[in-house]
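Taken together, the values in this text are just the output of simple stated rules run on the coordinates, not laboratory data. Here the structure is a predicted model, which is why all the values come from computation and not from measurement. Using ideal geometry, Cβ is built from the backbone for each residue, glycine included, and neighbour counts are taken over all protein chains shown.
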Ligand SMILES: [Zn+2]
Ligand SMILES: [Zn+2]
């Protein structure tokens with residue numbers, strides 16, 4: 001069980017939840033995907049989804065940009081914002097971008 005100790009290194013952690021970023025997709029790249037999904041239902045709302053630039057030790061898989069916020073925390077921020085504007089779309093969004101509970105099965 002030595003491998004577990006290594007995973008507590010202070011690098012590659014999310015600034016918000018302190019979890020290791022195991023799925024490095026930056027908020028800019030995620031926002032792009034989210035705009036596509038939301039845009040099918042509400043194009044105007046989709047334009048309001050923006051990435052947040054937070055530098056960190058981790059590099060995005062897609063654009064190599066530095067990132068310090070995990071996909072889950074960014075999705076949660078967007079979800080909370082959407083919930084105030086359009087609860088129905090917010091629920092649809094969360095069922096697609098819920099990174100935190102996917103491993104439960
Ligand atoms: Zn996080
Ligand atoms: Zn990216």
Quiz prompt | Value of Rg/Rh across segment 20-100 [Cα atoms, Kirkwood radius] | solution = 0.97
Self-check item: Extension reserve of the residue 47-residue 88 stretch, reckoned as 0.36 nm per residue once the Cα distance is removed
Solution: 13.0 nm
Exercise. First measure r as the distance between the Cβ atoms of residue 20 and residue 66, then evaluate 1/(1 + (r/R0)^6) with R0 = 25 Å and state the FRET efficiency to the nearest 0.05.
Key: 0.95
Quiz item: For the residues 97, 11, 74, what sequence is obtained by ranking on other C-beta atoms within 10 Å, fewest first?
Solution: 11, 97, 74
Self-check item: Rough spin-label spacing in nm, given labels placed 7 Å along Cα→Cβ, for residue 36 and residue 57
Solution: 3.1
